[in-house]
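Report on the structure given below.
Read-outs throughout are calculated quantities, based only on the coordinates presented, and are distinct from any laboratory measurement. Everything numeric here is computed off the predicted structure, so don't read it as measured data. Using ideal geometry, Cβ is built from the backbone for each residue, glycine included, and neighbour counts are taken over all protein chains shown.
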Amino acid sequence: MSNAIENLPLQRKVFLTLLLVFAVFSALSYAILTGVIAPAFDDLDLSAARTNLVRAERAIKTDIENLEAITADWGPWDDIHDYARGINPGFRKGNLDRPTLTNLGLDVMAVYAVERELLWSQMRIEGEEHSIEELGIFGTDDPAYAVLTAHEQIESRTVGIVSTALGPMLISSRPIVRSDDSGPIAGAVIMGQFMNDERKARLAERTEVDLHWRSIEDFSHNHGIDPLAIADRNVHLEMSDTSVSAFVALSDIFGESLLVLDVWTPRQISALGEQTVNAAMLFLIITGIFVTAVIGYLLRGWILVPIEKLACHMVKIRESGDLSHRLELTGDDEIGALAAEFDNLTSEVHEARKALLLQSFKAGKADTAAEVLHNIRNAMTPMINGLERLAKSFKIAEDLRVGEATQQLSDPDCPPDRADKFIQYIDASFARVKAVNDEASEDMKVMQSQARQVEGILADQEKFANVAPLEEDIVVDEVVGEAAHVIPKAAKDAVDVELDEGLMRYRVRAHRIGLLQVLGNLILNAYESIQRGSKRRGRICLSASDTLVDDKPMVRLTVRDNGSGFDEDTSQRIFQRGFTSKSAGSTTGLGLHWCANAVAGMGGRISAESRGMGQGAEFHVLLPAAQGG
């Protein structure tokens, strides 16, 4: 999919990009509107439902407080106190037998004397008088009877909601005392108001909310909610498509949950929010389409068409090879300046190419010869050192006096003890000769190996001068060990060459002779850097590790030394042809330049780094890993 997009023309890419940006913008806008704005309107609906529920609760509480206030006017009254004690019988005719309930807005009123004796009671339902016994709460076995009819303390109050046989009722009960709130308690006055549809309508009109109340059992059955979950007296919210139901449990005079107050709030804010979201989304879509169209038109006229002309011009030059073509694109903007500079560039390249063709052949031959000679010099250095050691070893025999010792042994008069010493001297001399011979043999092997390298270099130059070198799978440990022979044998006591034990695990795809020469150059440079740094003890470490470069498996070969190092300026130029940080006349500056070209020819890379002068250096050679390891 990605390749198909990459192969599309620039205009289509820009169009697809604008389309993608518009789609993302629309999706983000929709997500913000529906995920942030719309829920905010829903939260406002929930908040409004909570507020309405609080208003309904407060309205019921206000009715209870009003009922309690009426009871508070009757309880501490000398006349009703004397009536309850039986010494003011005229109180009933003057205050109770008249339409007291209607005047007070009550449905139920009762006066009890001490010892819970009912003195007077009245209950009216829809204008008709009924007995309070129908309520079912004034029986001696009902828990409400005791708390409503008997008060042991002057400050005692019973107020709230109570469940009766005729439905829930707001009820208030106070002890009958004197007008100065002094005792003794003569009885109790009880007043009540039914929580019927009429009261519900008055509360709804007063609060302007749609409120309802039902028993917990009925509510939980209709809504499929556990009664225990409703009775926790917390505010609960249920949202439907058209309204929000906010409900809470109301407690009776015993503190137990009795009713569920349910307030229905229409989702007017959410409906308005939905309209707002839809209008905003429509506006954003129209605006996005308009902006996308305008940007696309302007980009095509100002940028895409001129770039397309420039690209076609480049293709024409590439296909024809004629650098004399001119684009002559008018315009003073950056694209026009680019077209003019490109015309100037092609003109200069055309002239430079003609001059370069004249010099390329000579330069190529000279460069190749210099690099080959440099590699041969590196390979012959160990051979020269070995020949010098061989010349020294041949002089060992001149210093030995084996002939004199043999002549003395042939003398019949030679004492036995002196003869034993001559024999020991001869044995030691031959042992010395054998040791020198062994060292010479080892040097010969090294010289043979270096001679084969020279032979390989010359053979490669002769056979494959115009052909890419043959690559093969190479075990890193083998070629690193062979390349380490470039260090003079006499210097091995002053320089430690450390080969990582894991080198044998790595295999690379490379040209063996080329890789051997690269590593030999790097190791020899490290040795010479140690010499220039005047280190008491030199150290050259060779290691390898796996890595990925552009998702391709590679092997990193590292040559690390504790030599003289180099500065930042040198690090920028170290692989340039002819550059060297060594003393004048000691080198040509071709070694690392050749290494960089050789490694690049094998599909790899080379880099160098140092922490500064005197801090040593590291050279990293990246080569393709062999398949299968």
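With both labels modelled 7 Å from their Cα along Cα-to-Cβ, the Asp241 to Phe283 distance reads 2.8 nm.
Between the Cα long axis of helix 512-533 and the first principal axis of the chain there is an angle of about 90°, rounded to the nearest 10. Residues whose amide H falls under 5 Å from that of Leu119, counting only those 5 or more places apart or on a different chain, are Val111, Tyr112, Ala113, with hydrogens built in the peptide plane.
Taking a straight line from the alpha carbon of Lys434, these aspartates and glutamates sit under 19 Å away, with near neighbours fewer than eight places off in the same chain left out: Glu388, Glu398, Asp399, Glu442, Asp443. How tilted is helix 416-463 with respect to the longest principal axis of the chain? Cα atoms for both, answer in degrees (0 to 90, nearest 10). Computed tilt is about 70 degrees. So what is Rg over Rh here for region 66-170, counting just Cα atoms and using Kirkwood for Rh? With Rg and the Kirkwood Rh in hand, the quotient comes to 0.93. For Arg178, Arg573, the sequence from fewest to most other C-beta atoms within 10 Å is Arg573, Arg178. Altogether, the Stokes-Einstein calculation at 37 °C and 0.692 mPa s, with the Kirkwood radius of the chain over Cα pairs as Rh, returns a diffusion coefficient of 87 µm²/s.
Take every pair of alpha-carbon atoms less than 8 Å apart whose residues are at least six positions apart; their mean separation over the length of region 473-573 yields a relative contact order of 30 percent. Simple spin-label estimate for Asp473 and Leu16 gives 3.9 nm between the two label positions (7 Å along the Cα-to-Cβ direction from each Cα). Taking the Cα centre of the chain as origin and assigning +1 to Lys and Arg Cβ atoms and -1 to Asp and Glu Cβ atoms, the resulting dipole is close to 3980 debye.
Computed on the chain, with alpha-carbon pairs under 8 angstrom and 6+ residues apart, the relative contact order is 9 percent. Helix 10-32 and the longest principal axis of the Cα set of the chain meet at an angle near 30°. Extension gain, Asp180 to Ser26: 0.36 nm times the residue separation minus the Cα-Cα distance gives 47.8 nm. Descending by average beta-carbon neighbour count within 10 Å, the peptides 474-485, 443-454 line up as 474-485, 443-454, the highest first. Amide H to amide H distances under 5 Å link Arg174 with Val189, where only residues 5 or more positions off or on other chains count and H is placed in the peptide plane. Going from the fewest other Cβ atoms within 10 Å to the most, the residues Ile606, Ile285, Ile80 appear in the order Ile285, Ile606, Ile80.
Applying the Karplus relation 6.51 cos²θ - 1.76 cosθ + 1.60 with θ = phi - 60° to region 537-542 yields 3J(HN,Hα) values of 9, x, 8, 10, 10, 10 Hz, where x marks Gly and Pro.
In order along region 115-123, phi translates into HN-Hα couplings of 6, 6, 8, 6, 8, 7, 8, 7, 9 Hz, rounded to whole numbers, per the Karplus curve 6.51 cos²θ - 1.76 cosθ + 1.60 with θ = phi - 60° and x for Gly and Pro. Under a no-solvent Debye model with one identical scatterer per Cα of region 468-624, what's log10 I(q)/I(0) at q = 0.15 Å⁻¹? Rounded to two decimals, the profile gives -0.78. Close amide H partners of Arg214, meaning residues 5 or more places away or on another chain with modelled amide H under 5 Å apart, are Val260, Asp262.
Where in region 169-190 is the amide nitrogen less than 19 Å from a point lying 7 Å along the Cα-to-Cβ axis of Asn103? What the label zone holds, given the 19 Å backbone N cut-off, is 179, 189-190.
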